[in-house]
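To start, the structure under review is shown below, and the notes come after it.
The values are calculated or read from the model by the stated rules, or taken from the named source; none is laboratory data. On a predicted model such as this, the values are computed, not experimentally measured, just so you know. So basically every Cβ, Gly included, is an ideal-geometry build from the backbone, and we count neighbours across all protein chains shown. Remember, those area values only see protein heavy atoms, side chains included, never the ligands or the DNA or RNA. Shrake-Rupley method; radii C 1.70, N 1.55, O 1.52, S 1.80 Å.
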Amino acid sequence: MFNGFENENFYLTGSLSSIIDPEKHRNDCFTQFLDMQNMEPSELVSNITPDCLFGKFCMKKFLHVVHPRMEESFFGNLEHRDQIAKGLHPKSQFYSLFLKFAKSVWLVHRLAFSFAPPVSIFHVKRGVDFHDSYMDSLNSVNMNHDVANNVATEGNTQEHPEKQNPTIIGFTVMPGFRVGKKAIVKCQVYVMTATTGPTSNAFDKLSAPSLEDL
């Protein structure tokens with residue numbers, strides 16, 4: 001859903017309004033953010049013109065996120081895709097729920113491009129070490145790398161630190177955002193314990209935060 005977030009309109013068009021007139025584009029984004037907040041997604045796609053970016057966004061993301069096999073397993077047909085191919089928004093409850101999610105992503109995007117510079121997005125890749133400075137874990141694992149290990153030697157009990165495998169990222173659930181130079185909205189991740197040696201600290205190249213700045 002967040003693919004293309006770094007572009008001013010998710011690459012739906014070749015518009016360069018954020019470059020040609022950045023102040024106007026920021027104001028337009030914020031106005032749209034305010035106007036859309038209290039409107040139902042179904043109302044938005046039914047009352048707007050067919051070439052509206054939000055409607056195009058919903059259609060494009062549905063086709064990208066919902067695989068044809070998934071749709072067929074849910075409904076026994078590909079009626080949703082057929083309607084979208086005709087430029088129509090399906091009236092099903094499933095599509096209505098999808099529209100709510102799409103609206104949330106769109107509003108975040110509109111708000112992000114209301115800032116100067118725009119808010120950037122990042123997510124961490126599988127296998128990256130967990131860092132609580134810019135990540136929130138949605139599950140619990142033992143995140144202590146040094147654990148006391150009692151070892152009996154000749155009647156004496158000694159404590160030796162036992163090095164555990166580090167906590168790493170299983171996958172990113174929700175991306176994080178960087179606002180300005182310092183502020184970070186943490187990404188939400190599912191973590192697991194590494195079963196092998198050291199892990200990398202690779203970020204998505206899209207807009208990786210600078211570790212020195214965090």
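Data table
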item: In the range 1-23, the residues that are within 16 Å of Ala112 (Cα to Cα), free of Cβ contacts under 8 Å to residues at least 40 places away in the same chain, part of a loop (DSSP other than H, G, I, E, B) and open to solvent by 40 Å² or more (accessible area, probe 1.4 Å); result: Tyr11
item: Strands (runs of 3 or more DSSP E) within the range 104-179 that include 2 or more residues touching a strand residue (DSSP E or B) at 6+ places or on another chain (Cβ under 6 Å) and at pLDDT below 85; result: 146-153, 156-163
item: Boolean, Phe94 is open to solvent by less than 80 Å² (accessible area, probe 1.4 Å), without any contact (Cβ under 8 Å) to a residue 24 or more places away in the chain and aromatic (Phe, Trp, Tyr); result: yes
item: Identity of the residue in the range 17-34, acidic (Asp, Glu) and at pLDDT 90 or above, that ends up nearest to Phe98 (Cα to Cα); result: Asp28
item: Residue in the range 66-73 that is within 23 Å of Glu43 (Cβ to Cβ) and at pLDDT 90 or above present; result: yes
item: Only one of Gln32, Gln83, Gln37 that is in contact (Cβ under 8 Å) with a residue 60 or more places away in the chain and open to solvent by less than 70 Å² (accessible area, probe 1.4 Å); result: Gln32
